[in-house]
There are 2 protein chains.
Amino acid sequence: MRIAVIGSGAVGCLYGARLGRAGHDVHFLMRRDLDAVRRHGLMIHSCDGDFHLPAKAYARSEDIGPVDLVICALKTTNLDVAEALIRPCMGPTTNLLALMNGLGVEERFAEWFGAANIFGGLAFVCSNRGEPGHVHHLSYGRLVFAHLLDDLDRTRGIADLFAAAGLTTSVAPSLVQARWEKLVWNIPFSTLAVTAGAVTTRHIMEDDGLRELARLLMVETIAAGNANRCTLDAEPLVEKMFANTATMGDYKPSMLIDYQCKRELEVESILGEPVRRAAALNVAVPHMAMQYRLASFLDRLNRGLIQ
Amino acid sequence: MRIAVIGSGAVGCLYGARLGRAGHDVHFLMRRDLDAVRRHGLMIHSCDGDFHLPAKAYARSEDIGPVDLVICALKTTNLDVAEALIRPCMGPTTNLLALMNGLGVEERFAEWFGAANIFGGLAFVCSNRGEPGHVHHLSYGRLVFAHLLDDLDRTRGIADLFAAAGLTTSVAPSLVQARWEKLVWNIPFSTLAVTAGAVTTRHIMEDDGLRELARLLMVETIAAGNANRCTLDAEPLVEKMFANTATMGDYKPSMLIDYQCKRELEVESILGEPVRRAAALNVAVPHMAMQYRLASFLDRLNRGLIQ
């Protein structure tokens, strides 16, 4: 299959390289790593086994052209430029998979390209970029897929593609539910890690006050999700999130890593859009809205945008 | 009048020295500055005019003994040791004035010494300590007094004492209302200055999100105060607080200065006690409670108490 990876950060490179190693014809749109990958290919240092891929890297989407599948793995902070980067790779039957965080991305893609061929992917993975051309895959890696219009058969087709490349995959019957369910973890843990002074998930778990804030944020997220066509069962889901997080130790969510590297945070897709959707649905989310205002300010302060 | 100042930080030294200069017999209980003040007296660098006072300084309250008026200007973080420090200076008719921040201090004093002679003082002042024996009084300085049982005549007596020393004073008809009204400023501005990343009041005023959080915190504080015997008129009070703060420029609340100096924050008297009182009165204060949990954690993280 001819595949384009738009946004070749750690996640895009890791999964694109796995598909390339499995025999697919994968084309990577890159900025920072372009020269290094053209010369030396992609080196994946992975907990599932290291490997090297002589990858095809491009500076312009036009040079890739139409493909069968576009995997968009841009940070959501770059959503404004996504349409222009994706469009040259879209043919009449091209599938578009958003391997991105938070809420509202697939809906934007549908505005630009129609809803029929839009898929969402949720990557449960800990990975980061090293030297140009090198990606470090530290742990986890499971993928969950869904279709914007919840077409299960077509979602299975996407999942099979990644499963055949040796990845652990599953199919979600509802994209909106899969997105909100991931937010039930991301909204408390990714954002408190920043607003509580740049700390890991262990600090949140061990402090009674922060743990209670995490619980309140989960309960609000579940209420907003359920008003938005989900059927999330609050108590068992909260328990599951706490139990999973307890096994993670000193885990740094990607938002914390971005913060420590003074990169722009995915505040809008992880907090802003959920808060706006809750408001539109008349669900009170005071803790989530407060996190949104604090995290948004801290993000701009951290990047030197506030004098 | 024979006066003891218990807790000779910037506020205790500044007001004690003004009373000493006015002819009163003032005795200062000190730790850090004891040797310097015994040798060289107190030097007050004040926006109202510099002056020097050959002050009487003590390491133990027992060496001061009973006085007519005790001014307790300890930080509320030292409330646990206040009883032992104050008691040697208390005679049968001694008045005790709490020149301290936040809620609940006078009530603790009443448990120890009876309610009849307990007064509260609210200092609207910007001051800090310099080298040992030196105090810098940068701006403001107004004092508001009240009696724990709201005895207006006796409150006027305390206010007259300070007014005769050249200070701007006023008498509040209700101590609980005066305390809550000051919290309507302190809860948003002192605590957001810390949780929003160590910023000044100007940053809070200029950011739409933080300003809205400040407003929500004021509204909750007013609701809790009104459930606690106050008659605070929300809209004009919020407007007045914003208007006053707009004139302050890059003002650093004392809680922010404490935070930057890695000293313990007055979280319990400024947030903890108001949150507990609101809960006891069944007033919902989600933003205030969230600030409490975040500020409490940041305080301990900042002082190296969290691993």
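No value in this document is a laboratory result; all are computed from the given coordinates. No experiment lies behind these values; they were computed from the predicted model shown. We place every Cβ from the backbone using ideal geometry, glycine too, and count neighbours over all the protein chains shown.
The C-alpha atoms of chain A define a longest principal axis, and helix A:10-21 lies at about 40 degrees to it. Taking Cα atoms only, the orientation of helix A:175-185 departs from the longest principal axis of chain A by about 60 degrees. Computed over the alpha-carbon atoms, chain A gives an Rg to Rh ratio of 0.95, Rh here being the Kirkwood radius from the mean inverse distance. All other residues whose Cβ lies under 15 angstrom from that of B:Ala278 are scored, Lys and Arg at +1 and Asp and Glu at -1, for a net of +2. The shape of region B:118-213 can be summarised by an equivalent ellipsoid whose semi-axes, obtained from the alpha carbon gyration tensor, come to 29, 20, 10 Å from longest to shortest.
Each other copy places its own label point for B:Glu111 at 5.7 nm from this one, sorted shortest first, where the point lies 7 Å along the Cα-to-beta carbon line.
To the nearest 0.05, what FRET efficiency results for A:Arg303 and B:Ala246 with a Förster distance of 30 Å applied to their C-beta separation?
0.70
Counting Cα-Cα pairs of region B:177-302 in 10 Å increments starting at 0 gives whole-percent bin shares of 14, 48, 33, 5. Beta bridges per DSSP, both residues in chain A: antiparallel share near 35 percent. Once divided by 2.2 N^0.38 Å, the Cα radius of gyration of region B:1-88 becomes 1.01. The trypsin sites (Lys or Arg not before Pro) of region B:1-98 meeting both criteria, a DSSP state outside H, G, I, E and B (loop) and at most 13 other C-beta atoms within 10 angstrom of the site's C-beta, are B:Arg31, B:Arg32, B:Arg60. Distance from the axis that maps chain B onto chain A is least for the Cβ of the chain B residue given, with the whole Å value, as B:Pro286, 2. Take B:Leu138, push a point 7 Å out from Cα through the beta-carbon direction, and compare it with the same point in every other copy: 4.0 nm, smallest first. With chain A treated as a Gaussian network of Cα nodes joined by springs under 10 Å, which of A:Leu265, A:Leu167, A:Leu217 yields the largest mean-square fluctuation? In this elastic network of chain A, the residue with the biggest mean-square fluctuation among A:Leu265, A:Leu167, A:Leu217 is A:Leu167. The antiparallel fraction among DSSP beta bridges confined to region A:1-128 stands at about 15%.
When the C-alpha to C-alpha distance is required to be over 28 Å, the pairs from A:Lys252/B:Lys252; A:Lys252/B:Lys182; B:Lys240/B:Lys262; B:Lys182/B:Lys262 that qualify are A:Lys252/B:Lys252; A:Lys252/B:Lys182; B:Lys240/B:Lys262. Ignoring solvent entirely, what values of log10 I(q)/I(0) come out of the Debye formula for region A:160-211 at 0.21, 0.31 Å⁻¹ when each Cα is a single scatterer? The Cα Debye sum returns log10 ratios of -0.77, -1.09. The relative contact order of region A:2-173 comes to 22 percent, based on Cα pairs under 8 Å that sit 6 or more residues apart. Over chain B, Cα pairs under 8 Å with separation of 6+ residues give a relative contact order of 14 percent.
Under the criterion of Cα pairs below 8 Å and six or more residues apart, the relative contact order for region B:47-130 equals 26 percent. I need the fraction of alpha carbon pairs in region A:17-60 separated by more than 17 Å, rounded to a whole percent. Result for the distance tail: 30 percent. Give the average over all directions of the projected area of the C-alpha convex hull of region B:2-173, one decimal, in nm². Computed as one quarter of the Cα hull surface, the answer is 8.6 nm².
Of interest is the spacing of the C-alpha centroids, which for region B:203-220 and region B:103-136 amounts to 28 Å.
Coordinate range of the alpha-carbon atoms in the protein assembly as shown per principal axis, descending: 93, 46, 40 Å. Summing charges over all other residues whose Cβ lies under 13 Å from the Cβ of A:Gly12, with Lys and Arg as +1 and Asp and Glu as -1, gives +4. For the pair A:Arg87 and A:His52, a Förster radius of 41 Å applied to the C-beta separation gives a FRET efficiency near 0.85, rounded to the nearest 0.05.
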